[in-house]
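Read through the structure below, which is laid out as structure tokens, and then see the notes.
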Amino acid sequence: MFAPTFRKNKTQRSIFSPERSLGWRRRQEQTSAQQFTDMQIGFPKTAGRVVPVEEEELPDEVAEAIRDILNFFVKLSKTSSISSLLENFELFFIDHDPNSIPQNLNHSIYQLLVYNCTSDFIYLLNRCSFLIVNSCLKQKKTKHIEKLIDLFQNPSTLPSNASLATRKFRDWVDSYKSSRQYKILELFSPAAKVGNKTWHDRYIRLTLLAQTFDVETPIEQRQACQFLYQFLKNRYKFQLVMYLTKGCDEAPAKAKVSNPTLIHPSTLKLIQKIVVKRGQGYPQMAEEFMEQHEQGIYADFKKALVEHLLTSIGGDRRLKWLPKKMEQHLDTIYPEKSSVTVGHHLITKTCDETICYLLNPESFVDPTHPFTLMMIQREFLSLSIILLKLVLISPRSYGQLIQSLNDLMQHYRHKSQDECEWLTGLLETVQVILTLGVNEAQYYSFANAA
């Protein structure tokens with residue numbers, strides 16, 4: 001293939017903090033807030049499986065306390081204005097004024113304090129915060145989101161005679177502000193568009209979309225991330241199509257439509273020519289592949305998969321080593337099922353495993369790994385097309401692809417832009433190819449996922 005040429009942005013410092021882990025095993029409660037449409041675009045490989053949990057069980061009293069407080073704010077979001085909702089939020093969480101809190105919540109507050117539930121308070125505060133965000137988005141009153149963020153950024157000073165409970169709540173709020181959930185919350189503020197930017201801020205859509213796949217992420221947070229992702233994705237797609245249509249052939253200084261990517265215009269035009277084909281394009285190739293091999297023997301399927309993934313790629317002299325590497329990896333995937341008839345589930349698992357193999361950041365230490373070699377050779381397009389073919393064969397693997405790309409970005413987010421030029425090259429190329437080559441609506445499944 002070829003190595004796309006990229007423009008450079010200035011390097012800036014990361015704004016993200018490590019994610020806090022919750023101390024109790026979380027029980028997902030069904031609330032009326034969960035009646036929103038929940039978006040799922042496939043699932044990562046761990047979704048839908050029972051994972052052993054070693055953390056201590058959440059006490060019934062605490063679970064009930066969280067449920068009562070959450071339901072109070074859910075009801076308030078339906079019956080009161082956003083201004084009133086914010087006022088009650090501030091009185092309960094930020095200032096924690098006992099005189100202004102409904103008496104029926106006193107027992108719930110007592111349970112949180114008795115059990116010293118820092119992680120559970122953060123969990124509750126995060127859900128209520130995103131509940132407000134969703135209300136603002138539904139009513140198109142996004143300025144109130146900035147007011148919500150301001151409550152955290154500029155809280156009132158506690159009086160010297162503040163109760164122990166009030167001080168404890170303020171300590172818990174400060175802990176939430178150090179969490180990764182809060183960093184995601186800040187993305188919804190209009191003020192987030194200004195200020196210092198980092199190289200990975202360009203790919204925040206990956207982080208938002210990855211949140212919607214994470215079954216451990218609260219439903220309110222997934223809903224808000226879905227909304228913002230959809231907006232940013234539509235804007236990016238519009239800008240990309242407009243540029244390819246009207247601005248790509250003009251000189252950069254004279255172009256009326258700006259390039260939304262960091263890819264050189266000539267390279268971008270070539271990517272469009274390769275990915276967007278009438279007739280025998282990649283989607284049609286995937287359909288034919290599935291028709292021929294879906295009910296075949298698993299061992300034969302894996303051999304055919306390598307050939308399909310490397311069609312139009314394997315002939316590159318610089319990648320003559322790749323077929324053997326892919327065959328060796330696929331041989332390690334479920335060898336005990338070699339004689340089994342292939343079905344949708346096994347295909348999804350195989351594609352998931354292959355995506356993880358190709359995008360595993362830990363593999364960068366191995367100089368012979370395909371990921372390492374392809375990044376050194378700047379084969380961004382070759383790798384991106386392989387990933388595209390995998391999700392066209394297995395639509396449910398789209399979630400795993402997004403998770404893996406986001407994990408890769410998060411793994412290197414503390415590095416400078418110069419150190420991650422290879423990664424920005426890959427992410428820019430993947431974004432363009434997925435935008436042009438995937439009809440994302442085919443991968444959406446609307447359902448309640450409690």
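Data table
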{"read-out": "Pairs, first assigned by TED's automatic domain parsing to the domain that holds residue 148 in the stretch 188-211, second of a type in the set (Asp, Glu) and at pLDDT 90 or above, C-beta under 6 Å, six or more apart", "value": "189/146; 190/146; 191/146; 192/186"}
{"read-out": "Residues of the stretch 309-326 satisfying the condition of being over 28 Å from the mean Cα position of the chain (by Cα), closer than 23 Å to residue 430 by Cα and modelled with pLDDT of 90 or more", "value": "321, 322, 323, 325"}
{"read-out": "Residue satisfying condition, being within 26 Å of residue 318 (Cα to Cα) and touching a Phe, Trp or Tyr at 6+ places or on another chain (Cβ under 6 Å), within set 423, 359, 401, 390", "value": "423"}
{"read-out": "Odd one out for residue 417 among (1) in a helix (DSSP H, G or I); (2) within 30 Å of residue 197 (Cα to Cα)", "value": "(1)"}
{"read-out": "Residues located in the stretch 385-421, provided they are over 18 Å from the mean Cα position of the chain (by Cα) and closer than 27 Å to residue 281 by Cβ", "value": "385, 386, 389, 390, 392, 393, 394"}
{"read-out": "The listed residue being in contact with a His (Cβ under 9 Å, 6 or more places away or on another chain), at pLDDT 95 or above and crowded, with 21+ Cβ neighbours inside 10 Å, out of 354, 429, 350", "value": "354"}
{"read-out": "Meets criteria (under 28 Å from the mean Cα position of the chain (by Cα) and among the hydroxyl-bearing types (Ser, Thr, Tyr)) for residue 354", "value": "yes"}
{"read-out": "Top-ranked residue of the stretch 106-132 - restricted to ones that are touching a residue at least 24 places away in the same chain (Cβ under 8 Å) and not in a helix (DSSP H, G or I), ranked as surrounded by the fewest Cβ atoms within 10 Å (Cβ to Cβ)", "value": "115"}
{"read-out": "Yes/no for residue 227 being within 26 Å of residue 310 (Cα to Cα), at pLDDT 90 or above and either surrounded by 15 or more Cβ atoms within 10 Å (Cβ to Cβ) or touching a Pro at 6+ places or on another chain (Cβ under 8 Å) (or both)", "value": "no"}
{"read-out": "Members of the stretch 357-384 found to be surrounded by fewer than 19 Cβ atoms within 10 Å (Cβ to Cβ) and under 20 Å from the mean Cα position of the chain (by Cα), listed by number", "value": "360, 361, 362"}
{"read-out": "Unique match (being in a loop (DSSP other than H, G, I, E, B) and either at pLDDT 95 or above or among the β-branched types (Val, Ile, Thr) (or both)) among 386, 333", "value": "333"}
{"read-out": "Any chance residue 267 is modelled with pLDDT of 90 or more, buried (at least 16 other Cβ atoms within 10 Å of the Cβ) and either outside any loop (DSSP other than H, G, I, E, B) or among the aromatic types (Phe, Trp, Tyr) (or both)", "value": "yes"}
{"read-out": "Qualifying positions in the stretch 240-264 - modelled with pLDDT of 90 or more, crowded, with 17+ Cβ neighbours inside 10 Å and part of a helix (DSSP H, G or I)", "value": "240, 243, 244"}
{"read-out": "Spans of helices (runs of 4 or more DSSP H) in the stretch 134-191 with at least 1 residues under 24 Å from residue 78 (Cα atoms)", "value": "143-153, 180-186"}
{"read-out": "Residue selected from the stretch 133-150 under the condition crowded, with 19+ Cβ neighbours inside 10 Å and of a type in the set (Val, Ile, Thr), by the criterion nearest to residue 80 (Cα to Cα)", "value": "133"}
{"read-out": "Top-ranked residue in the stretch 58-103 [being over 29 Å from the mean Cα position of the chain (by Cα) and not in a helix (DSSP H, G or I); ranked as surrounded by the most Cβ atoms within 10 Å (Cβ to Cβ)]", "value": "96"}
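The values are calculated or read from the model by the stated rules, or taken from the named source; none is laboratory data. Predicted, not measured: the structure shown is a model, and the values here were computed from it. For neighbour counting, all protein chains shown are included, and Cβ atoms are generated from backbone atoms with ideal geometry for every residue, glycine included.
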